[in-house]
Amino acid sequence: MQWRFHDIVVVLQTVVPLFRSEQILDSTDGFQPKPNRAALRLNAKKLLLTKWTAAKPQNKEKHFIVTSLIEPNVPDAQIEMIDLVATYSKRSFAVQRRELTDQSKWMPGWK
């Protein structure tokens, strides 16, 4: 019996993947589902100057920038409120930090 290099590689792939990209994938044809956005945790320290897009724009206000983090009265408490400024009208308003995880209202970045 004559062995070729290609035959050996095929046998090895079925036992042990040669590269990380060749690992056996699940039954979804290689497409992995995106993580649930509700489970997305926003780091308050990294929110400053981030860009957000409104899912349902109102008054031509679609793009927003986080301009400040509203500190709580208690010193050790987490930041819960942030200031968003619309780039079109320069209107500023405060929202809860967790509201940005709601995909029906906000999308990260400018789209």
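For segment 46-111, the solvent-accessible area with a 1.4 angstrom probe is 67 square angstrom per residue. Backbone geometry of segment 83-89 corresponds, through the Karplus equation with coefficients 6.51, -1.76 and 1.60 at θ = phi - 60°, to 3J(HN,Hα) couplings of 9, 10, 10, 6, 6, 7, 9 Hz, x marking Gly and Pro.
Under the criterion of Cα pairs below 8 Å and six or more residues apart, the relative contact order for segment 72-111 equals 27 percent.
The values are calculated or read from the model by the stated rules, or taken from the named source; none is laboratory data. In this text, all values refer to a predicted model and were calculated from it rather than measured experimentally. Calculation scope for accessible area: heavy atoms of the full protein, side chains included, ligands and nucleic acids excluded. Shrake-Rupley method; radii C 1.70, N 1.55, O 1.52, S 1.80 Å.
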